[in-house]
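The values are calculated or read from the model by the stated rules, or taken from the named source; none is laboratory data. Nothing here was measured: the structure is a model prediction, and the numbers come from that model. Glycine also receives a Cβ, built like all others from the backbone with ideal geometry; neighbour counts cover every protein chain displayed.
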Amino acid sequence: MTRQEPGTGPPNGLDRHTLPSEVFHALCAGPVPPESLAVLRSAEYSRRKLLLRTLLDLLADAPDAAGPLTGPEDAWRVLALADRRAPEIAEDVLMYPTVGVWAARVVARLIGAETSPTPLWTEIGYLHSLAAAAAIRANVPCAVRVPVLYGAINLPTLGQLRVPTDFPVGTAELAHGADGVRLRAGSVSLAFPLSGETFLFRPTRSHTSTWRGLALRVRVDDTDPYREYSSALPPARLGGSEFAEWGKLLDEAWRILTERHSAYAAEIAACLNTLVPTDPAGGLVAASASSAFGAVLLSPKASAPHLAETLVHEIQHAKLNALLGLVVLVKGARDPVCYAPWLDEPRPSTGLLHGVYAFTSVVEFYRTQRAQADQAEARAAQFLFAYRRAQVREALAELARAPGLTELGRSFVAVAGDRIARCAADPVDADLLDVVTEVTADHRAGWLLRHRRPDDRAIHELASAWLRGHPAPRLPEFAVTPNQRRVHHAARATLLETNAVAPTEFAQLASREHTRLPRGDLAYAQGDHTAAAAAYTERIAADPADGQAWIGLGLCLRARGEAVPARALLELPDVTVAVHERLRGLTAAEVDPIPLARWLGERLQVVSRPAG
């Protein structure tokens, strides 16, 4: 949208955004210079303002939605004045990542696409808060009624004002003028200095990492209610030592990026503007969102290389999200049916594109990292290089079968394939390649067992043929049905990787008395495939629905050279388990899983054998 002419109405013109072909091809090929990112940011800014305009139009048809607040038009006029006085400040406020998250949520609520127990007017009030923040920063006099949430008033990009009263209040009057900021909440009236942290004011903190003349400047957002791409949350302010630890780790990661991955460092510096620390209680987290351009949500990382890799990864998602606002790479194909080697759940084609784009950059990161890392890191980096390379290859094969790719989408995928092909000849230790093969096969078999549903009539025909002693007839057709079967996670993949890259740590883990590690998984990771197969067979006898035991048995059989039954267990685990279940319902006799898998594997051999 064009900037507003002098006056108080909303912007009324539109900028037309075009994407030069050279910028598109550069984005496909990897890290891009700041001027290419500026094209994406400009388009994102127009989309952000269109979203706000849509929000205002929807509110015009819901005059009571603002509740005790003044009309949204008043906040819009304040924003327009700030934009007229200092357009770069207005843009900085409107492009703050949480503003996009909030606006998307409220529009979804107004059109009935989302519900929330939070009163609508408190969410609408964020518009008033961001108008106040823009006015304060642009030195525009204003008086705005703003919502009080979790005992504080949020001012995007500035920080939070704490309301000094024990009595709950829903709104407060915030005024800005020549004498600064004044707040009236109930019977309390206070002047607020917005410089430095006080009991009443928590500024949005920032951190700058500089190395080799390149600076990364980010806000560290631990207070904004929409910082985690969700409904409004209370602040989770980092303590001084926690904030310092984040800064130290970021400095170390930035040194790695600028010294070893300078092109990626340049685009991160141009694109990343906000880090959101989150509680690691839910596990390690790294996330970006299409509505929060420039932000990365992170739980604490174990090391500087891990943080560096994460930043490279997440910025690719930000770039692709912005690109998808300008070009169409996939038409339709929104159902989650694709196999993503890095996720347990099915993904739509667009989601798989995201993964391919991000992990291709991760492969390139570790291609460089393994050559320059110190000895302690090098083997882990070599494993991750080979592992991510194998995963992207699998995903590219999946995309080749996926429906809906446009001509631009196919071009996008082809460039990713070229990038991976350039990494194909890089040597990797043979034992690590073996581990990668096992781990990827393990994951894919688990996915098939969870989400693929074989045709029920064909399963019955197979069970009947087994009971009659006939060869297996036709193999079933399949449908992807998310979470068709519950399959618990196994420890073996993690144990196998640990044994390969950190054998001392693995030995300590395995030698602990009374270990709770599953016997089969531990034996498999130690290379004792006979003992592991026996343990998995015992588990199947005790619980025929134990999907991980079936997959573990398949891995052991393959490692022992029994390729035919292993293929059935790893390529048709859903069929093997379904036939076994049907046989248990048809006969009281126990069915040995290995002969059954061999029988199905022989049929699979016939199907896959070339004609002639």
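Against the numbered list (1) assigned by TED's automatic domain parsing to the domain that holds Pro68; (2) part of a loop (DSSP other than H, G, I, E, B); (3) farther than 17 Å from Ala232 by Cβ, Ala131 comes up short only at (2).
Taken as a whole, segment 318-328 holds at least one residue that is in contact with a His (Cβ under 9 Å, 6 or more places away or on another chain) and either farther than 30 Å from Leu50 by Cβ or in a loop (DSSP other than H, G, I, E, B) (or both).
Going by the conditions given, is Leu216 out of contact with any Cys (no Cβ under 8 Å at 6 or more places or on another chain) and assigned by TED's automatic domain parsing to the domain that holds Tyr96? For Leu216, the condition - out of contact with any Cys (no Cβ under 8 Å at 6 or more places or on another chain) and assigned by TED's automatic domain parsing to the domain that holds Tyr96 - is not met. Restricting attention to segment 173-226, the residues that are at pLDDT 90 or above, β-branched (Val, Ile, Thr) and exposed (fewer than 15 other Cβ atoms within 10 Å of the Cβ) add up to 2. Kindly indicate whether any position in segment 295-317 is under 13 Å from the mean Cα position of the chain (by Cα), part of a loop (DSSP other than H, G, I, E, B), modelled with pLDDT under 95 and outside the structural domain of Ser349 (by TED's automatic domain parsing). Within segment 295-317 (the criterion being under 13 Å from the mean Cα position of the chain (by Cα), part of a loop (DSSP other than H, G, I, E, B), modelled with pLDDT under 95 and outside the structural domain of Ser349 (by TED's automatic domain parsing)), the answer is yes, since at least one residue qualifies. Selection over segment 547-564 of residues that are buried (at least 24 other Cβ atoms within 10 Å of the Cβ) and not aliphatic (A, V, I, L, M) gives a count of 4.
Tallying residues that are in contact with a helix residue (DSSP H, G or I) (Cβ under 9 Å, 6 or more places away or on another chain), assigned to a helix (DSSP H, G or I) and without any contact (Cβ under 8 Å) to a residue 40 or more places away in the chain within segment 53-87 yields 2.
Answer with yes or no whether Leu158 is touching a residue at least 24 places away in the same chain (Cβ under 8 Å) and touching a strand residue (DSSP E or B) at 6+ places or on another chain (Cβ under 6 Å). Answer is no for this residue. Taken together, the criteria place Pro168 among residues that are surrounded by fewer than 22 Cβ atoms within 10 Å (Cβ to Cβ), in the same structural domain as Gly125 (by TED's automatic domain parsing) and either modelled with pLDDT under 95 or within 19 Å of Asp222 (Cβ to Cβ) (or both). Any residue that is of a type in the set (Ser, Thr, Tyr) and surrounded by fewer than 22 Cβ atoms within 10 Å (Cβ to Cβ) - is there at least one of those in segment 247-261? No, every residue in segment 247-261 fails to be of a type in the set (Ser, Thr, Tyr) and surrounded by fewer than 22 Cβ atoms within 10 Å (Cβ to Cβ).
Scan segment 594-605 and give yes if some residue there is within 18 Å of Ala531 (Cβ to Cβ) and modelled with pLDDT of 95 or more, otherwise no. Within segment 594-605, one or more residues are within 18 Å of Ala531 (Cβ to Cβ) and modelled with pLDDT of 95 or more. Every condition in (1) of a type outside the set (D, E, K, R); (2) in a helix (DSSP H, G or I); (3) under 30 Å from Ala589 (Cα atoms) is met by Ala490 except one, and the failing one is (2). If I filter segment 310-333 for residues that are charged (D, E, K, R) and farther than 24 Å from His17 by Cβ, do I get at least one hit? So far as segment 310-333 goes, no, none of its residues is charged (D, E, K, R) and farther than 24 Å from His17 by Cβ. Charged (D, E, K, R), exposed (fewer than 15 other Cβ atoms within 10 Å of the Cβ) and modelled with pLDDT under 95, is that true of Asp456? The answer is yes for Asp456. Only residues that are among the aliphatic types (A, V, I, L, M) and under 30 Å from Arg347 (Cβ atoms) were counted in segment 442-472, giving 6.
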